[in-house]
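Below is one structure, written out as structure tokens; comments come after it.
The values are calculated or read from the model by the stated rules, or taken from the named source; none is laboratory data. Computed from a predicted model, the values in this text were never measured in an experiment. Virtual Cβ from ideal backbone geometry, glycine too; neighbours counted across all protein chains shown. With ligands, DNA and RNA removed, areas are computed over all heavy atoms of the protein, side chains included. Shrake-Rupley method; radii C 1.70, N 1.55, O 1.52, S 1.80 Å.
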Amino acid sequence: RKDVPSRQLKTRPRETKPSQDKEGNPRARLRPNNKRSKSSDGMDETLAELREMRAEMAALREELKAVKERLRVDGSVVELDRSSSSESEDDAKADLKVNYGARRRARHRRLEQVGREVEAWATELLDAEDRTADGWKEIQCNKLMRNKCNKNGRTSVYLKWMTDTRPDSDREPHNVGSTERYPCLKCYTTIDAPLEDVCAFLADSRTVPQYNDLVVDHADVEEISPSGKVTWCKAPQILFVKPRDFVTYCSHRWRGDGSQVLVNQAVDHEDRPGVIKEGQGNVGVCRGFAIRGANIISRDPDDPRGKTRISMVSHATPGGGLPSWAMNRAVDAVVRVEPFKFFHKIDEGAKAYKSGEGGVMLARSGGRSNKPAGIGHLGFTCFWPEGGGLQEHSGSDGEDFQGG
């Protein structure tokens with residue numbers, strides 16, 4: 001290098017080696033564009049986010065599959081552990097069935113107790129010596145209907161506005177603690193037909209249209225015992241009160257003197273949920289409540305073989321948040337017609353009814369009777385054409401209608 005002129009040293013370009021990365025690979029001589037580098041980084045981040053979202057969606061699909069494996073029992077949801085063995089799943093299902101069965105049996109026992117409580121409540125009201133005592137008001141039949149439906153004064157009707165007498169534990173959630181008053185009727189009538197014919201006529205579900213046009217549809221919901229069931233029925237529009245449906249527990253039994261006792265109380269049932277307030281939902285029917293009631297059908301002591309007495313108490317509300325003034329007007333109009341018409345048509349129907357089964361009605365085994373029972377009422381319908389009611393034994397039932 002000493003022989004190279006100094007000018008040539010100055011003008012000769014300097015040779016440089018391309019820079020290398022950590023792995024020894026040559027790097028590009030040109031500096032990359034800053035804008036492209038930033039754009040590339042953004043794309044990488046977007047792709048990473050998309051991959052994460054895809055993973056999350058896959059996990060969500062797995063969760064949805066797990067949801068489909070849930071068991072729904074009595075309104076409560078229990079998730080099965082998908083990682084558990086089939087044996088543990090079977091155990092869980094068995095436990096659920098046991099718990100559901102226990103709750104169902106407890107509910108049935110309570111409803112059977114309700115029947116006894118309602119009968120005691122009704123008997124006290126109906127057997128009062130003074131029927132107008134304690135605020136009861138006698139109601140006269142509408143003048144236009146009197147000659148047809150109550151010409152001989154055979155039917156007496158009394159009205160009183162009362163609070164719900166059910167314990168809070170038996171009430172609907174929106175009625176718990178309520179002190180609102182609802183109409184309660186006491187009715188007494190005599191039917192010119194024997195007890196056997198009256199009971200057979202009322203126990204036949206096909207005869208309801210003959211005596212009660214306030215029932216347009218009805219069905220059994222659940223059998224509680226051979227003598228008790230939960231029923232559903234629908235009433236048409238009455239004046240300005242829109243159609244209503246009712247879910248009611250009904251039961252019956254036979255007293256030692258041969259009297260048939262039918263009792264009812266409003267209940268809730270998961271198979272027949274109701275619309276509580278007018279205008280909710282699209283079903284067009286609001287829930288009414290046959291709060292408590294009873295019908296006692298017995299032989300007329302003045303003519304035990306030819307006539308029948310019916311004593312009835314019925315406490316109910318149309319529900320739906322109907323204003324008090326509207327309820328008062330509706331009750332005032334209906335109570336002067338419907339009870340009198342109801343018993344008049346039962347009288348006509350029972351006298352003409354032929355069951356076609358004739359013969360002596362004897363007791364069934366197990367302390368139950370095969371005597372027919374039932375009635376189609378505003379707020380409830382219940383029919384036991386083949387009997388099933390529990391019976392007392394006193395020997396005072398008469399020759400033709402044994403075992404009651």
(Q) Looking only at segment 170-201, how many residues end up being hydroxyl-bearing (Ser, Thr, Tyr) and either open to solvent by 60 Å² or more (accessible area, probe 1.4 Å) or assigned to a helix (DSSP H, G or I) (or both)? (A) 1
Q. Among the residues of segment 123-146, is any without any contact (Cβ under 8 Å) to a residue 12 or more places away in the chain, outside any loop (DSSP other than H, G, I, E, B), open to solvent by 40 Å² or more (accessible area, probe 1.4 Å) and under 24 Å from TYR249 (Cα atoms)?
A. yes
(Q) Looking only at strands (runs of 3 or more DSSP E) that lie completely in segment 202-264, which have at least 3 residues being closer than 16 Å to SER314 by Cβ and under 23 Å from the mean Cα position of the chain (by Cα)? (A) 228-235, 244-254
Q.
Please pick out the residue among THR308, THR317 that is in contact (Cβ under 8 Å) with a residue 60 or more places away in the chain and in contact with a helix residue (DSSP H, G or I) (Cβ under 6 Å, 6 or more places away or on another chain).
A. THR308
